[in-house]
Structure formats: C-alpha cells, structure tokens
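The values are calculated or read from the model by the stated rules, or taken from the named source; none is laboratory data. Predicted model only: the values in this text are computed from it and were never measured. Here the Cβ is made from the backbone with ideal geometry for all residues, glycine too, and neighbour counts use every protein chain on show. In case anyone asks, the SASA skips ligands and DNA or RNA and just uses the protein heavy atoms, side chains included. Shrake-Rupley method; radii C 1.70, N 1.55, O 1.52, S 1.80 Å.
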Amino acid sequence: VAASTAIAIAVLRAFALQMGSDLAPVDLAALAMVVEAEVMRTPTTLADVHTVVGGAPGELFVVRGGVAERSLATPSDLEIVGLATGTAPQASRHGGGDAGDEARAERFLGLWQGEPADVLRRELGDVMFAAHAAYAAAGCSDAVVDLAVDEARKRRDAGGAVFGAKASGRGRGGTVVLLGPHGKVWYEALRIKKALHAATGHSAHVFRWSSPGACAFGAIELRPASA
C-alpha cells in the first residue's frame, strides 16, 4: 500500500509489456527506484519497491540491505488490514524513521516468528506504534493519519481487537496498517473509519487481504469494444 510506488510499478510494467518487454523483477524494481527518486521525488526504499514487485498474499516480505531475502507466512492468529485515510501528506523532511528503524524491524521480525503469546503480540503492536512515532517526528505523516493511529491505540487500550498501527509507505500515501487478531481486526478498522469520518469528514477505505506482487499478478489487456 505504498501508493506512489504501486502506481509507478503498475505503469512501468504496463508500458514495458506494451513495448514487448517482460521485465524481470530485479529490473522492474531498479527502474521503479529511478522513477521514484528522479520523477516522483519520493523517499521510497528498496523494501517498498521489492514488496510491490514480488510480494505474496498473506506473507511478510523480508528485505535486508536492499536485498529481497524471503517471505514469511502470516501467523494464523494474526491479520493485517489497511485503512486508506483519503489524505496524502504534501511534504517530508527526509525518508522517514530514525536511527532505530533497523532495530525495530529486527525486533518485529523476531516477534513475528516467535510464540503467539498475548504479551508478545502486544509488543508487535508497540513496535508499530514506535515506528509511526518516528515517521511523524520526521515529518512523514499528517494530522489525519496520526488520528487514525491514535484511534487504534485507544481501541487497544480499551480492550479492542487491535495490537498496533503505523503509516505505510513512509507515510506519504495516507494509508495506515493495522495489525490484530485474525477475523477481528477488520471490525476495529471499521470502527476507526467511523471515528475518522466523524472527526475529519474523510471517508476512509478499508483494505482486507492482499494481492500478489506485480510480477506474479501479470497484466490485463484492455481493448476497445468493437463497433
């Protein structure tokens, strides 16, 4: 749900196929980075690009040092949903996060593969909230996105079925990722959507489940209807 990255890759892949070139994932990712940096002027990372190019439904895509390592299945007790707030932050001071980004990512990965204990699932959420706080401090969020994350925290504190939340795509696309119990966090997303609309007038959209990455998805050819 890194919006600009997803759009850039979709356009690049469609254009390449139209020109008779089926780009390999590594080439598509490299070109997308050029477009994001030189055309979109967006602080996209290789993690964003590789996820959109090669991600798999229901899996967490692991990228280290710019190298796509592997995918990890989502634990059966967890579910991730996206909440598109309808906003798009206009500016960013830098690429988002801070010096603790790597440590948080490693801790999240360890917890993701660990025991499904309630206290550890809550810590997964804590890592997400901390990551969002770093993005917000770096100017990579906005008031509506922050409100959605704050509502998720309030829902958790009130005993709701959500562990954590953070902006996605370095916060520039206005989408918030929610993590919670499988089959339940979806309802929390709907409650947060309602609270968001009441507070701001923005009609957010909830995304459940995920699609394959661009290279696995393929392409749909549209032709004009014959007269």
For this session: Starting from the range 67-78, keep only residues that are open to solvent by less than 80 Å² (accessible area, probe 1.4 Å), then list their pairs with residues that are of a type in the set (Gly, Ala, Ser) and modelled with pLDDT of 90 or more whose Cβ atoms are within a distance under 8 Å, requiring at least 6 positions of separation or different chains.
Result: Leu78/Gly180
Exercise. Do you know which residues across the range 21-54 are assigned to a loop (DSSP other than H, G, I, E, B) and more than 24 Å from Ala105 (Cα to Cα)?
Worked result: Ser21, Asp22, Leu23, Ala24, Arg41
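Looking at Lys184, is it open to solvent by 40 Å² or more (accessible area, probe 1.4 Å), out of contact with any helix residue (DSSP H, G or I) (no Cβ under 8 Å at 6 or more places or on another chain), closer than 16 Å to Glu79 by Cα and modelled with pLDDT of 95 or more?
Working: open to solvent by 40 Å² or more (accessible area, probe 1.4 Å): yes; out of contact with any helix residue (DSSP H, G or I) (no Cβ under 8 Å at 6 or more places or on another chain): yes; closer than 16 Å to Glu79 by Cα: yes; modelled with pLDDT of 95 or more: yes.
Answer is yes for this residue.
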For this session: Only residues that are touching a residue at least 60 places away in the same chain (Cβ under 8 Å) and either in contact with a helix residue (DSSP H, G or I) (Cβ under 7 Å, 6 or more places away or on another chain) or over 18 Å from Phe217 (Cβ atoms) (or both): list them for the range 24-55, please.
Result: Pro25, Leu28, Thr42, Pro43, Thr44, Thr45, Asp48, Val52, Val53, Gly54
Problem set entry | Evaluation of Pro25 against (1) within 23 Å of Leu83 (Cβ to Cβ); (2) in contact with a Cys (Cβ under 6 Å, 6 or more places away or on another chain); (3) of a type outside the set (S, T, N, Q) (one fails), failing number | (1)
Problem set entry | Residue under evaluation Ser71, criteria (1) assigned to a strand (DSSP E or B); (2) of a type in the set (S, T, N, Q); (3) within 26 Å of Ser141 (Cβ to Cβ), criterion not met | (3)
Problem set entry | All positions within the range 148-181 that are open to solvent by less than 20 Å² (accessible area, probe 1.4 Å), at pLDDT 95 or above and assigned to a strand (DSSP E or B) | Gly164, Ala165, Leu178, Leu179, Gly180
Problem set entry | Hits in the range 130-146 (condition: of a type outside the set (Gly, Ala, Ser) and crowded, with 19+ Cβ neighbours inside 10 Å) | His132, Tyr135, Cys140, Asp142, Val144, Val145
For this session: Within the range 192-216, track down each residue that is closer than 22 Å to Ala158 by Cβ, touching a residue at least 12 places away in the same chain (Cβ under 8 Å) and part of a helix (DSSP H, G or I).
Result: Ile192, Lys193, Ala195, Leu196, Ala199, Thr200
Seminar exercise, completed: Among the residues of the range 1-20, the number that are in contact (Cβ under 8 Å) with a residue 40 or more places away in the chain and in a helix (DSSP H, G or I) is 9
